[in-house]
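Right, one structure below, let's go through it.
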Amino acid sequence: MLFEGQAIQVQALGDGFYELIFNLQNEPVNKFNQLTLGELNEAVAQLGQQSDLQGVLFSSAKDCFIVGADITEFSTLFAGDEETLIAKLLENHAIFNAVEDLPCPTVTAINGIALGGGFELCLATDYRVMGEKAKVGLPEVKLGINPGWGGIVRLPRLIGVDNANEWIAGGAEKRADAALKDGAVDAVVAQDKVRDAGLDLLRRCAAGEFDYQARRTEKQTPIKLNQIEQMMAFETAKGFIGAKAGPHYPAPLQAVKTIQKSCGMNREQAIEAEVRGVVKLASGPVVRALVGLFMKDQYVKKVSKGYQKQAAPVEQAAVLGAGIMGGGVAYQSASRGVPILMKDINEAALQLGLDEANKLLGGQLKRGRIDAAKMAQTINRIRPTLSYGDFGNVDLVVEAVVENQKIKQMVLAETEQNIAEDAILASNTSTISINALAKSLKRPENFCGMHFFNPVHKMPLVEVIRGEKTSEAAVARTVAYASAMGKTPIVVNDCPGFLVNRVLFPYFGGFNGLLQDGADYQQVDKVMEGFGWPMGPAYLLDVVGIDTAHHADEVMAAGFPDRMAHEGTSVIDRMFSLERFGQKNSQGFYRYELDRKGKPKKLVDEAVPGLLADVVGDSREFNDIEIIERMMIPLCIETVRCLEEGIVASPAEADMALIYGIGFPPFRGGVFHYLDDMGMAEFCAMASKYADLGPLYQPTEQMLAMAENGSKYFN
């Protein structure tokens, strides 16, 4: 063994060939932390001194190659001064340059995930062989930064400017076939042949069959584009990418600008431009927010894994109710490999559920995500039934019938009699108390909430709601099932609306108050979308369904009458009475027509102001800041109340729930990051301006104490 460290080993293969193996000890994956980078520097230096050196293969002893940089270490650097960050980035570049400059051919055997810095190392070698199931990419823009270890320099020179703009600004993980097509890798082979194929290519390079020096020259010299070609490649890309990223996410556009600036430079100059581009972004608020979200997401996954370790897996599931929601649950379960019974009381309803699953699978087939065989396998995992005949073998049942407490209690009690004593019952209710529903059950310890968000296949969040009598075993198995379905489960305690809907309705309360004071709902939508929400409150109500929102509003008013009850007719009440239910019947605050793809297109409805005339105030002008403050203050305070009351266990879980559940703007980092970023003293001072609007705008005692002592939710 030429070199043996805690993250890297180098072994001689004979005839002057060596293999550098990444194998970070006591970790499930390889990543670039300070230890790995230090050992890579040392190992490459030793390789360069070998007198018999003919070639080096870079490989991994783990199922992945390298997942990227250890963000927990490097986020600290982002918070420091610019010169320290520049020095560190240039130090890492020197290591990767040393790899690229080894006096022999180099090949990477990419056997699994190679992302960020992991893929940038691959780009530093002369050739890349990729397993058919591996993935590569440069996802740094998802953290608000740009590739900083040579990705912006090397990738455009390998795959062309147009492809590199899309790879880097899009931040997507690329499958093997796409990577080969674009030229980012040189061969794709079966997973068990990656190392052998890499060695074969290395030996052929050493024998002179391939000109590895020409490949290096290509990566280290200016890109061969004239001025007109550059203008066509970059100006179009900047317009498209800038529009797609929007004003709140500067990293994609900055990446394109840096590629443009560096494409006429040699390696050293281009590296300097890349580093400067990264530094320009690194200290910004978007990076802090997005890196914070990455850390929170890792924490939420860790909590989920803790539950999963306690739980037996769900091998057979069932869903009660075969509507759009039930069909979505069935599809999601079956597509992730968990067979599911879908029960309803009539054939027509079952067909509706199957149609929903078929529609979703058909879309996957059309986009090339699955083939016909995979589609058939998935559909076969969904078994429609009108009876409880096979429910004795079910591990977990999701109840998704109509949102009516009496009907749900009846269905749940009936189901309990037909399942095993240790099977879990979970209700997909969005508002009804889990404690109330549990009263109809003989085994309430095996019952909890499992609140999916619509549409099930798109929305990542599942709220797992613990009732007073719910056992930890029931929570653990439900979390495990949600995770197996590819969802992000967050455990919350029972209360009206649970976490997400409880927080959402004070936001709608702020909206109703603005309209009662004369605000224009279209202006409110425009301002809140400009703030970063995917849709404004009126549009969101149309998408949720005015009938659904009206029912939830009544539940919230009964549960929290001091701040969520309202006198007189609200705009939601009026829309409901007019049966303007939003997208589901094509008229709400807006009207809707189907576009060419069959999706509802939002259009202004000139009749709405007249319909609302007697429930809104006299029209007056509001500035954007006042609209934002009146909308955001109630949402933030209610989220804090949920934390203080123990409805949600941590600020991290609350932030992720609101981002995944209702689209809280990710670049703002979640409610608690937003409060920390603003400072609690400033927030409380802002809220005090609206004290006359009532309890929705009154910070808690703990918030006032935090304002006094300057404390924060996150370090």
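The long axis of helix 161-170 is offset from the longest Cα principal axis of the chain by roughly 40 degrees. Taking 17 Å as the straight-line reach from the Cα of Lys526, the lysines in range (excluding those fewer than 8 positions away in the same chain) are Lys601, Lys602. Among the listed pairs Lys257/Lys487; Lys487/Lys599; Lys458/Lys597; Lys374/Lys597, those with a Cα-Cα distance over 28 Å are Lys257/Lys487. Close amide H contacts of Leu396 (hydrogens built in the peptide plane, cut-off under 5 Å, sequence separation of 5 or more or a different chain): Gln316, Ala318, Ile424. Annotation: amide H of Gly467 within the under-5 Å range of Gly449, sequence separation 5 or more or interchain, hydrogens built in the peptide plane. The residues packed around Thr106, meaning those with a beta-carbon under 9 Å from its beta-carbon, carry a net charge of -2 if Lys and Arg are +1 and Asp and Glu are -1.
When a/c reaches 1.5 or more, the comparison of a/b and b/c decides; with that in mind, is the range 167-211 rounded, prolate or oblate per its Cα gyration tensor? Oblate, since a/c reaches 1.5 and b/c is not below a/b. Here the ratio of the Cα radius of gyration of the range 501-709 to 2.2 N^0.38 Å is 1.02. Seen against the Cα atoms of the chain and their longest principal axis, helix 546-559 is set at about 70 degrees.
Computed from point charges on the beta carbon alone (+1 for Lys and Arg, -1 for Asp and Glu), the dipole magnitude for the range 501-709 about its Cα centre is near 820 Debye. Across the cross-link table entries Lys302/Lys406; Lys219/Lys301; Lys31/Lys305; Lys135/Lys305, which are compared at the Cα atoms, the separations over 29 Å belong to Lys302/Lys406; Lys219/Lys301.
Judged by the mean number of other Cβ atoms found within 10 Å, the most tightly packed of the peptides 20-30, 193-203 leads the ranking 193-203, 20-30. Centroid-to-centroid, using Cα positions, the range 286-351 and the range 473-551 are 19 Å apart.
Straight-line cross-link reach from Lys408 at under 19 Å between alpha-carbon atoms covers these lysines, not counting any fewer than eight positions away in the same chain: Lys343, Lys439, Lys442, Lys469. Under 15 Å of direct C-alpha separation, and excluding same-chain neighbours fewer than eight residues apart, Lys181 reaches these aspartates and glutamates: Glu132, Asp162, Glu166, Glu173.
This ranking places Thr385, Thr76 by how few other beta-carbon atoms lie within 10 Å of each, fewest first, which gives Thr76, Thr385. Helical content of the chain, expressed as a calculated mean residue ellipticity at 222 nm, amounts to -16000 deg cm²/dmol (DSSP H runs of 4 or more residues, -39,500 (n - 2.57) each, divided by residue number, nearest 500). Axis of helix 227-245 versus longest Cα principal axis of the chain: the two differ by about 30°, to the nearest ten degrees.
Throughout, read-outs are computed from the coordinates displayed, never taken from laboratory work. Just so we're clear, the structure is a prediction, and the values are computed from it rather than from any experiment. Please note: Cβ atoms are built from the backbone with ideal geometry, for glycine as well, and neighbour counts cover all protein chains shown.
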